[in-house]
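Let me begin by handing over the structure; questions about it come next.
We did not get these values from a lab; they are worked out from the coordinates using the rules stated. For clarity, every value in this text was computed on a predicted model and none was experimentally measured. Quick reminder, even Gly has a Cβ in these numbers, built from the backbone with ideal geometry, and neighbours come from all protein chains shown.
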Amino acid sequence: MRKFNQRLFGIFALGLLLFALSEIWGMNTKSLTPYLAEASWDAYTLARWTSLMGTLLWAGFYMAFHTYGVAFLFSKLTKMTFRSALVMQSYVLAILLIEKALLFFLFAVAGFTMPVSLFSFGPLAATFLDNTIFNYTFIMFFFNQLTIFTALIIAIQYRFVRSFTEFSPKLILLLLILLHTAVALAIGAFSAYVPLEEMLNDFTRGGASIE
């Protein structure tokens, strides 16, 4: 790929812009609403800036992991060259950002957000599963990771791994499906059992407390 570094830099720049716009619009900032309701403008402004900085740091880590981190793992596990794996993951990152951009557009048009992706099986699980069943939240977040974009990512990774390794095509496909399923299980468990929202609330209130 010609001018790969410039292309990858452009993807990172657009990704940071996307995360920043989502944060500025108000996605995932409901924990800051009490400051606005209490007309504590200084505390609210400081909390929003803190939240924006945290979002940008998370965006940088998220994109770096999905490119350099995952490319390194693929290079070690499949014996692909790191450069080939990095090119593969640049496509994957672009697809992930396209999904987030589409979700942001749909949420902005609708005027509200949802904890699940409209392109996943999450809404289907939330519709048909009884919320009183055991591990309902975990199941919903697990299915939320299985999207039409996940299938596209598997197809791209399958093509690259098959082209740069000598593994059996069936084995490659099976391992990729198992890998993405394992990741979905891990993210589902993290989302369901780690009190991330409470931690964020404590963090923002700690940085801008109200007496």
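How charged is the neighbourhood of residue 116? Take every other residue with its Cβ under 14 Å from the Cβ of residue 116, and add Lys/Arg as +1 and Asp/Glu as -1.
0
Please sort 114-122, 83-91, 170-178 by packing, taking for each peptide the average over its residues of neighbouring beta carbons within 10 angstrom, highest first. Don't jump to the answer; show the numbers that get you there.
Numbers: 114-122: 18.3, 83-91: 20.0, 170-178: 13.8.
Ranked by mean Cβ neighbours within 10 Å, highest first: 83-91, 114-122, 170-178.
Highest mean first, how do 46-59, 143-156, 99-112 rank when packing is the count of other Cβ atoms within 10 Å averaged over residues? Before the final figure, lay out the partial values.
Details: 46-59: 16.0, 143-156: 17.9, 99-112: 13.6.
My ranking of the peptides, most packed first, is 143-156, 46-59, 99-112.
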